Amino acid sequence: MAKSYILAAALTLSLTQSFAGAALAEALTVTHAQGETVLAATPKSVMVSDWAAFDNLMALGVPVAGVPASNVPPYLKDRITPEMVQIGSLQEPDVEAIMAAAPDLMIVAARSRQSYPTLAALLSTLDLSIDNADVIGGTKHNITLLGQIFDRADKAVELNDALDAKVAVAKAAVAGKGTGLVIVTNGSKIGIYGPESRVSWIYNALEVPSVFDNVDDRDHGGDAITFEYLLKTNPDWLFVIDRDAGVGSSAGTAKALLDNELIHQTNFWKNDRIVYLDSSAAYVTMNGYDALNLLLDQVIEAFSKG
């Protein structure tokens, strides 16, 4: 799905003012994935139809007034409060509920990006979709942008520095420890994720050597493969995303699926080098600050043992 998340250009922020306290001294023009949005003042109320945006706002300490009612990542559940208005699913925001609450700013991205034209005609709206080829860079950009919008620029710098440091630790942990492959399971189906997927950072930022020449990253279910493909390519490490667990339909499907005679012959099975990534963080949130930290910690822990 990488191409679905490509930015209209590199996300940029055009500042036509200086900040004064908690309010904008002049209008702020934000260039984002679907155009430009002018903010006349610091938003007092913000709603999101994207869990990565919620994740990043929480990390910055920005209160959120409305959130999706579906696919809540378990690692974020304790951040949801009764006061937050539920505004539809990730794919279909509830426009009536949003307008009834009258937020100063609405944020869409990824799955909800198609609702931008409708929402932008009614209220200030940003599309914070990122380019999957640079998940780390896109996440840092959005944190910086939100920090400037909500007068938390210093906090944004702190978060981005910490994320860079975590990436560096993970990169050092995986260095010289062999090849890797990221797969996603969906029921009985298996697909691989590549350098333009929602977890491209494993290849691009951590520089885990891949075992494929090319891969089609346009499908959310990955580029379809078989157990025979896994045995033939035989990576040293296998990163697994259980899509069923990520969307809350079932858990443990991936482990059961991979427990078979062909997989038992692979290096990653024999050496106990299968990393089951947090499914909600990897499949649903994808580019939130806490999501990436959670995933990076899993990689660091696994490679430190292996």
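Rule-based calculations on the coordinates, nothing more; no lab input. Computed from a prediction, not measured in an experiment: that's the story for all the values here. FYI the Cβ positions are ideal-geometry reconstructions off the backbone, even for glycines, and counts take in every protein chain you see.
Most exposed first by the Cβ proxy, i.e. fewest other Cβ within 10 Å, how do Phe150, Phe212 rank?
By the 10 Å Cβ count, ascending: Phe212, Phe150.
Just to be sure I understand: with springs between alpha-carbon atoms less than 10 Å apart, which residue in Asn267, Asn132, Asn56 has the highest mean-square fluctuation in the Gaussian network model of the chain?
Asn267
Report the full-extension gain for the segment Ser249 to Asp219: residue separation times 0.36 nm, less the Cα-Cα distance, to one decimal in nm.
8.8 nm
Need the C-alpha centroid separation for the range 118-156 versus the range 269-292, integer Å.
23
So for the chain: antiparallel DSSP bridges make up what percent, rounded to the nearest 5?
Percent antiparallel among DSSP bridges in the chain is about 55.
For the range 158-302, what is the convex hull volume of its Cα atoms per residue in Å³?
97
State to the nearest 20 debye the size of the charge dipole of the range 197-283 about its Cα centre, where the only charges are +1 on K and R beta carbons and -1 on D and E beta carbons.
On the way: 7 positive and 14 negative charges, 28 e Å.
Value, rounded to 20: 140 debye.
Quote the relative contact order of the range 174-305 in percent (integer), defining contacts as alpha-carbon pairs under 8 Å separated by 6+ residues.
Working: 222 pairs, mean separation 33.8, N = 132.
Over the range 174-305, the number comes to 26 percent.
Could you give the size of the charge dipole of the chain about its Cα centre, using +1 on the Cβ of each K and R and -1 on the Cβ of each D and E, expressed in debye and rounded to the nearest 20?
320
Tell me which label goes with the value of Rg/Rh (Cα atoms, Kirkwood Rh) computed from the coordinates here: (1) 0.95; (2) 0.99; (3) 1.09.
(2)
State which stretch of the chain is the longest one without any exposed GluC sites (Glu not before Pro), exposure meaning a DSSP loop state and at most 16 other Cβ atoms within 10 Å.
Longest stretch, sites excluded: 84-206.
Which one of Ser197, Ile87, Ala121 is farthest out on the positive end of the charge dipole of the chain, using unit charges on Cβ (Lys, Arg +1; Asp, Glu -1) and the Cα centre as origin?
Of Ser197, Ile87, Ala121, it is Ser197.
Just rank Ser249, Ser70, fewest to most, by other beta-carbon atoms within 10 angstrom.
Ranked by crowding around the Cβ, least crowded first: Ser249, Ser70.
Counting other C-beta atoms within 10 Å, which of His141, His32 has the fewest, and how do the rest follow?
His141, His32
If you take the charge dipole of the range 250-306 about its Cα centre, with +1 on Lys and Arg Cβ and -1 on Asp and Glu Cβ, which of Ala302, Leu258, Asn287 is farthest toward its positive end?
Among Ala302, Leu258, Asn287, the one farthest towards the positive end of the dipole of the range 250-306 is Leu258.
On the principal axes of its Cα set, how long, how wide and how thick is the range 83-227? Give whole Å, largest value first.
Projected onto its principal axes, the Cα set of the range 83-227 covers 53, 40, 25 Å.
Checking understanding here: applying a Kyte-Doolittle mean of at least -0.5 and a length along the axis of at least 18 Å (C-alpha), which whole DSSP H helices in the chain pass?
135-149, 153-174, 289-305
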